[in-house]
Amino acid sequence: MSERTRHIAIVGCGQLAQMMAQEGQPLGITFSFLAEEGENTSCVEGLGELIKLEEHESGEALYQALGRPEVITAEREQVDVALLRKLQQFCPVYPDPHIFEKAQHRLREKLALTESGLPVAPFVPALGADELRRALGTLGYPVFIKSCENGYDGKNQWRVKNQAQLEGAIEEAQSQACVVEAAVDFSCEVSLVGVRSVSGEVKTYPLTENLHRQGTLLVSKAPFHDSQLMRQAQGYLDKLMRDWDYVGALTLECFVTTEGLIVNEIAPRVHNSGHWTLVGAESSQFANHLRAILDMPLGDTQCSSPTAMINMLGVNKSPSQKNEGVWLYGKSLKEGRKMGHVILVDNCVHQLSRRSEAVIDELYR
């Protein structure tokens with residue numbers, strides 16, 4: 001490896017790792033990927049060295065096998081924090097493992113957000129049937145019961161509007177540690193992706209409006225024009241980044257309410273709602289995450305024209321409608337699985353909405 005080569009190891013082998021590598025190669029960055037036992041590696045094959053976790057016993061052996069990376073990052077929050085700390089003895093890990101420890105457990109995440117003064121929905125931790133019922137006595141209906149771990153894309157979450165639904169949710173959730181959240185009256189959901197470098201340079205992309213289907217993101221549209229909410233979201237993001245000494249891409253998912261933004265959850269990584277940046281910004285979230293963890297100057301995050309990203313959930317056909325790019329991840333087809341996405345750009349917001357609906361209709365009819 002030459003002295004000029006920048007080498008990054010990524011924990012995880014899914015589409016986010018794939019797009020990081022694709023966006024990093026033009027920057028002169030090489031990659032290796034750490035796969036957990038049984039993890040599918042099809043998304044990253046041909047993009048760098050594939051290393052299997054179970055074949056290396058010590059942290060040093062793993063670090064050497066990964067090509068002695070300059071820095072290690074992860075494509076998901078559900079990672080082994082102890083493993084990251086072991087690897088941290090040999091090179092920086094960004095974001096820091098303590099961030100993943102917060103983000104991968106819903107109660108720790110809620111407590112961390114409130115400790116930094118960010119507003120969240122009223123919540124009560126609960127374990128077992130009795131505590132779940134008591135939580136409803138405190139919060140009232142409707143609520144969401146969410147498992148503390150392994151809850152994403154609508155999984156391990158139950159919306160409860162009455163006693164019958166509560167009993168059904170208890171039957172499924174009572175063996176898991178949960179957070180019970182009061183339902184929030186909101187007009188829409190938005191997200192903000194920001195990036196902070198090792199040196200402390202911070203840039204944020206515009207607010208993005210998100211629409212979901214059965215708990216999974218379907219469409220993201222940027223920019224969401226509300227200067228007051230943008231300032232509020234930037235303030236939230238800046239506070240977390242300072243409090244956590246954060247390095248890399250960080251995503252805030254928020255509800256828009258009459259009283260402002262309520263934080264729903266965070267993602268310490270590049271995020272599905274930021275895929276539009278691959279076309280709609282000069283420097284994508286993937287490129288800027290890599291720039292940040294290598295302490296390179298961050299790229300431009302402005303959105304010059306209205307842009308939409310449409311997820312391909314359980315479908316892998318490219319639409320015939322005009323578009324600015326189709327990304328297929330190379331996964332085996334499965335119902336509801338994120339197989340790829342489509343990006344549209346248009347100077348007219350209304351025309352962009354019409355084109356987006358046409359693509360959705362073609363993909364899912």
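The values are calculated or read from the model by the stated rules, or taken from the named source; none is laboratory data. As the structure is a prediction and not an experimental result, all values here were calculated from the model. Virtual Cβ from ideal backbone geometry, glycine too; neighbours counted across all protein chains shown.
Odds and ends about this structure:
- Looking at LEU240, LEU192, just one residue is buried (at least 16 other Cβ atoms within 10 Å of the Cβ) and either out of contact with any helix residue (DSSP H, G or I) (no Cβ under 7 Å at 6 or more places or on another chain) or outside the structural domain of ASP346 (by TED's automatic domain parsing) (or both), and that residue is LEU240.
- Residue check for LEU34: at negative phi and free of Cβ contacts under 8 Å to residues at least 40 places away in the same chain: yes
- Of all the criteria given as (1) within 30 Å of GLY280 (Cβ to Cβ); (2) in contact with a Leu (Cβ under 9 Å, 6 or more places away or on another chain); (3) modelled with pLDDT under 95, the one not satisfied by LYS155 is (2).
- Options VAL315, VAL342: the member that is outside any helix (DSSP H, G or I) and crowded, with 21+ Cβ neighbours inside 10 Å: VAL342
- Failed item in (1) small (Gly, Ala, Ser); (2) under 21 Å from GLU115 (Cβ atoms); (3) crowded, with 16+ Cβ neighbours inside 10 Å, with GLY235 passing the rest: (3)
- Complete set of residues in the stretch 81-108 that are buried (at least 21 other Cβ atoms within 10 Å of the Cβ), touching a residue at least 24 places away in the same chain (Cβ under 8 Å) and among the aliphatic types (A, V, I, L, M): LEU84, LEU87, ILE99, ALA103
- For the stretch 318-335, a tally of residues being on the phi > 0 side of the Ramachandran plot and surrounded by 15 or more Cβ atoms within 10 Å (Cβ to Cβ) returns 1.
- Those residues of the stretch 213-231 which are surrounded by fewer than 14 Cβ atoms within 10 Å (Cβ to Cβ) and either over 27 Å from GLY314 (Cβ atoms) or modelled with pLDDT of 95 or more (or both), in sequence order: HIS225, SER227, GLN228, ARG231
- Sole residue being closer than 21 Å to GLU101 by Cα, surrounded by fewer than 20 Cβ atoms within 10 Å (Cβ to Cβ), acidic (Asp, Glu) and touching a Lys or Arg at 6+ places or on another chain (Cβ under 9 Å), chosen from GLU181, GLU149: GLU149
- Test set (1) more than 21 Å from the chain's Cα centre (by Cα); (2) exposed (fewer than 14 other Cβ atoms within 10 Å of the Cβ) - ILE170 fails condition number: (2)
- Residue, modelled with the highest pLDDT, within the stretch 323-357, restricted to residues that are out of contact with any strand residue (DSSP E or B) (no Cβ under 8 Å at 6 or more places or on another chain) and basic (Lys, Arg): ARG354
- The stretch 288-311, residues that are over 22 Å from HIS350 (Cα atoms) and not acidic (Asp, Glu): ASN288, HIS289, LEU290, ARG291, ALA292, ILE293, LEU294, MET296, PRO297, LEU298, GLY299, THR301
- Residues that are among the hydrophobic types (A, V, I, L, M, F, W, C) and either modelled with pLDDT of 95 or more or surrounded by 13 or more Cβ atoms within 10 Å (Cβ to Cβ) (or both) number at least 3 in the following strands (runs of 3 or more DSSP E) confined to the stretch 1-56: 6-11, 29-35.
- Filter result (in contact with a Ser or Thr (Cβ under 6 Å, 6 or more places away or on another chain) and either under 12 Å from HIS289 (Cβ atoms) or modelled with pLDDT under 95 (or both)) within the stretch 193-209: VAL193, GLY194, LYS203, TYR205
- The lone criterion from (1) at pLDDT 95 or above; (2) part of a loop (DSSP other than H, G, I, E, B) left unmet by ALA82 is number (2).
- For the stretch 125-135, the criterion of being part of a strand (DSSP E or B) and surrounded by fewer than 21 Cβ atoms within 10 Å (Cβ to Cβ) is met by at least one residue.
- Strands (runs of 3 or more DSSP E) lying entirely in the stretch 167-216 (those with 2 or more residues that are farther than 24 Å from PRO125 by Cα): 188-196, 202-204, 208-213
- The one condition in (1) in a strand (DSSP E or B); (2) surrounded by fewer than 23 Cβ atoms within 10 Å (Cβ to Cβ); (3) of a type in the set (A, V, I, L, M) that ALA249 fails to fulfil: (2)
- Residue within the stretch 55-73 that is within 30 Å of LEU229 (Cβ to Cβ) and not assigned by TED's automatic domain parsing to the domain that holds ASN264 present: yes
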